[in-house]
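**Q** Sharing a structure here in structure tokens format.
Just so you know, all these numbers are worked out from the coordinates, no wet-lab data involved. Note that the structure is a prediction, hence the values are computed from the model and not measured. Counting neighbours? That spans all protein chains shown, and the Cβs are built from the backbone with ideal geometry, glycine included.
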Amino acid sequence: MENKLKFLQQTTPFNLLPIDVITGVAEVLEEVIYPKEKLIYQQEITKMKGLDIIVEGEYESFFYDTNNNKRDVNNLTKGAVFGGISVLLNRKKALKSVVAKKGTLVYVLPRKHFKALCDAYDSFFQFFTADFGKRMLNEEFAFFYKKPALFAESYIASEQMYSRKIEGLSYHKIASCNSFTPIFECAIKMAQEKVSCLFVTDDENKIIGFVTDITLRDRVIAQQLDAGKSISEVMDDEIISISKEAYIYEAILLMFRTKSRYLLVEDDGEFVGFLSRNRLLSEQAQSPLVFIQSVKSALSTKELKAKWLKVPSIVSQLLSRGVHAEIVNQVITTIADTISTKVIEEVFKEIGPAPAKFVFIVLGSEGRKEQTLKTDQDNAIIYEDKANEQRELVRTYFLEFATRVSDKLNEIGFVYCSGDFMAKNPKWTHSLSHWKRNYKEWIDDALPETAIKFSTFFDCRAIYGDLAIMDDLRNFVNLELQKPMEKFFVYMAKNALQYDPPLTFFKNIKTQTIEEKQVFDIKRAMTPIVDLVRVYALQNRIFQKENTGERLKELQKMGVFSEKQYLELMQSYYYLMGLRLKRQAQNIIDNNAEPTNYVELNSLTKIEQVTIIEIFKTIANFQNSTRMKFVGSL
């Protein structure tokens, strides 16, 4: 008895209890000894008798996937407890499997006594809920908690499209010809090798272009072109490639974004084959991504509106399958980009082709490829500089063009931006030189209001037009950011630090009352991660990584963030994003209401509340470290 009492006094969370209560606990503990390699608990099968407290030896806890692989392995040693989460939050069944790794002695606190302590002592109860919240920030733990292995689908096979890599597919063999080869010989070779795509090489055997059946139809037969001319006169020269390490869904989204029907597969700098869009889509016939192909086939604004109305159901389907929120964001964004492209092409048919090279860019969440179901228009136009006599004509055209595009998008469901960050606003449709002056002024001024504008326009991405214009602007900004500008980054950081995570003094979720409901704004809660990661990306001149997740990965590679910081921020951000998307989809599908960013506190489970509190603590710590770095004081 005395040994048990002394042990409990040194063991968390029992050391949080009054001494007379600890004495009572010591009296009801049961001693159990397990031999080495004894399987003590099986996940989702064994009913827990109570809380295990390890006195000697070691527990190995893990999830089994359906391939009998151990996942999320943890070793619990002297003083550790096991079973609290299982009793409180998992219907009394063991959440994980457990094997004794040594001759192991444990004290077992019977279930009824454990639950009585949780009911009577909040600090004791909070130890287990807080621990669970921290574990839910581990992506693998979170997955298996939501989808235990007794489900028919395993972690690997639950949705192959989102977990299967390109290297697992069989590629088409690359068929090629030299750029000087006559067109008719290329057609013969395509027929002999039974391929619909032939790649074109230079004298050093480097791929410089490709031709397809459609190329021969549209540019040779329809134009009655001499088939004796060299293939270089009709080939496409935009080569799109992807690493064999990429996922299938990434390949499909890349094809839609680039309007490419073929992707070269790359392995250590070498092309090892190619993929066709038709084949990928036919293999994924039941996938929501096939829906994007139907969007491309829409013939009118009315039809595009009908397509956009189906997106909430697709989002709900993806999230229910356990697809990561980052992927769901990309699916929504690709659908939105496809709709915008269709609208732009429709306006060209109405008012004729553009009088100058230009690029149509999207900003904000769409610019970061983090679009949700509550979305408005954030866009702008950059066009090439023209001679004085043409400037007014070009500007008049693009403002008319922007107005028509914006009106059609609003009709489809992408509402006008309340802040007027739209191309139809004359302030945001300008020549390249004007845009360069804008960015330079925002950087040089280093004022709070210009910091906000710079933040908005840093998160920009081209979806249509001449990408060289966008590259020119990015190169200009890159050079500007290499100049000494400590004041600029201080204001950027201050702008990013203006939103505090909604936590009360006692570390509960702070709410506001809207329509007699206690809610919090989940978008506002996520904003510090987006804004602060942007500041670090700017300071390190990361331009090619557009979304928050990509920027975090790059910053971790550069050593700006530790592995621990990176994992905590990634899991925190995308946990909140998944919850945000889920609530928006539910509001549309179940309530036939407009999506919002408000989450009602009573709609959250205890588990979700605990997890969110831990996330808000992570965000607050991130803000404090950034405040010290850029602003200089807490």
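**Q** Would you mind calculating the relative contact order of the range 322-476 from Cα pairs under 8 angstrom and at least 6 residues apart, reporting the percent as a whole number?
**A** Once normalised by length, the contact order is 32 percent.
**Q** Indicate the gyration tensor shape class of the range 454-534 (rounded, prolate or oblate), computed on the Cα atoms with a ≥ b ≥ c the square roots of the eigenvalues: a/c under 1.5 is rounded; otherwise a/b larger than b/c is prolate and the rest oblate.
**A** In terms of gyration-tensor shape, oblate.
**Q** I've got another one for you. Mind giving me the nanometre distance, one decimal, between the label points for residue 12 and residue 566, set 7 Å out from Cα along Cα→Cβ?
**A** Label at residue 12, label at residue 566, 2.7 nm between them.
**Q** Based on the Cβ-Cβ distance from residue 407 to residue 515, what FRET efficiency comes out when R0 is 35 Å, to the nearest 0.05?
**A** 0.65
**Q** Indicate the gyration tensor shape class of the range 566-622 (rounded, prolate or oblate), computed on the Cα atoms with a ≥ b ≥ c the square roots of the eigenvalues: a/c under 1.5 is rounded; otherwise a/b larger than b/c is prolate and the rest oblate.
**A** Since a/c reaches 1.5 and a/b is larger than b/c, the shape of the range 566-622 is classed as prolate.
**Q** List every residue whose amide H lies under 5 Å from the amide H of residue 310, counting only residues 5 or more places away in sequence or on a different chain, with H placed 1.01 Å from N in the peptide plane.
**A** Distant-sequence amide H within range of residue 310: zero hits.
**Q** Right, something else. Please arrange 254, 198 by counting, for each residue, the other beta carbons lying within 10 Å of its beta carbon, fewest first.
**A** 254, 198
**Q** If you don't mind, there's one more thing I want to ask. What do you get for GluC sites (Glu not before Pro) in the range 473-539 restricted to DSSP loop and a cutoff of at most 16 other Cβ within 10 Å of the site's Cβ?
**A** 515, 516
**Q** Pulled fully out, how much extra length does the chain show between residue 272 and residue 243, if you take 0.36 nm times their separation in residues and subtract their Cα-Cα distance? Write out the running numbers ahead of the final one.
**A** Working: separation 29, 0.36 × 29 = 10.44 nm, distance 1.00 nm.
That pair, residue 272 and residue 243, stretches by 9.4 nm at full extension.
**Q** Hey, any idea what the orientation-averaged projected area of the convex hull of the range 322-476's Cα atoms comes to, in nm²? Walk me through the intermediate numbers first.
**A** On the way: hull surface 39.3 nm².
It is 9.8 nm².
**Q** Per residue and in cubic angstrom, what volume does the convex hull of the Cα atoms of the range 484-634 have? Please list the in-between numbers first.
**A** Values: hull volume 19.6 nm³, N = 151.
Hull volume normalised by residue count: 130 Å³.
**Q** Let me see the pair-distance distribution of the chain: every alpha carbon pair, 20 Å bin width, integer percents in order.
**A** Pairs per bin, as whole percents: 16, 43, 30, 10, 1.
**Q** Given the pairs 302/553; 70/564; 70/310; 310/507; 92/617, which are separated by over 32 angstrom at their Cα positions? Please list the in-between numbers first.
**A** Details: 302/553 40 Å; 70/564 22 Å; 70/310 38 Å; 310/507 39 Å; 92/617 29 Å.
Pairs exceeding the cut-off: 302/553; 70/310; 310/507.
**Q** Listing 276, 86 from the residue with the fewest other Cβ atoms within 10 Å to the one with the most, what is the order?
**A** 276, 86
**Q** Turning to a different aspect of this structure: Over the range 2-146, with a single point scatterer placed on each C-alpha, what log10 of the ratio I(q)/I(0) does the Debye formula yield at q = 0.16, 0.18 1/Å?
**A** Reported log10 I(q)/I(0), two decimals: -0.85, -1.08.
**Q** Would you please give the FRET efficiency between residue 208 and residue 631, computed as 1/(1 + (r/R0)^6) with r the Cβ-Cβ distance and R0 = 35 Å, to the nearest 0.05?
**A** Details: r = 51 Å, r/R0 = 1.45.
The formula returns an efficiency of 0.10 here.
**Q** Just tell me which aspartates and glutamates come within less than 19 Å, Cα to Cα, of residue 78; anything on the same chain fewer than 8 places away is out.
**A** 2, 30, 31, 37, 52, 56, 58, 60, 131
**Q** Along the charge dipole of the chain, which of 249, 29, 572 sits closest to the positive end, that is, farthest toward it, with unit charges on the beta carbon of Lys, Arg, Asp and Glu (+1, +1, -1, -1)?
**A** Checking the options against the dipole of the chain, the answer is 29.
**Q** Would you mind checking the radius of gyration and Dmax of the range 187-236 based on alpha-carbon positions, in Å?
**A** My reading of the Cα-based Rg and Dmax gives 10.8, 32 Å.
**Q** Right, next: Quick check: convex hull of the Cα atoms in the range 165-283, volume per residue, rounded to a whole Å³?
**A** 99 Å³
**Q** Would you tally the net charge around residue 630, using a Cβ to Cβ cut-off of less than 15 Å, leaving residue 630 out, and scoring K and R as +1, D and E as -1?
**A** +3
**Q** Separate question: Tally the DSSP beta bridges in the range 165-283 and give the antiparallel ones as a percent, rounded to 5.
**A** Percentage antiparallel, nearest 5: 70.
**Q** What residues have an amide H closer than 5 Å to that of residue 93, excluding those fewer than 5 places away on the same chain, when H is modeled at 1.01 Å from N in the peptide plane?
**A** Placed amide hydrogens put 48 under 5 Å from residue 93.
**Q** With both partners inside the chain, how many of the DSSP beta bridges are antiparallel, as a percent to the nearest 5?
**A** Close to 85 percent.
**Q** Within 10 Å of each residue's Cβ, count the other Cβ atoms and sort 232, 123 from fewest upward.
**A** Going from sparsest to densest Cβ surroundings: 123, 232.
**Q** Moving to a separate point now. Ranked highest first by average number of other Cβ atoms within 10 Å, how do 461-471, 33-43, 529-539, 577-587 line up? Mind dumping the intermediate values first?
**A** Working: 461-471: 16.6, 33-43: 15.1, 529-539: 22.5, 577-587: 20.9.
My ranking of the peptides, most packed first, is 529-539, 577-587, 461-471, 33-43.
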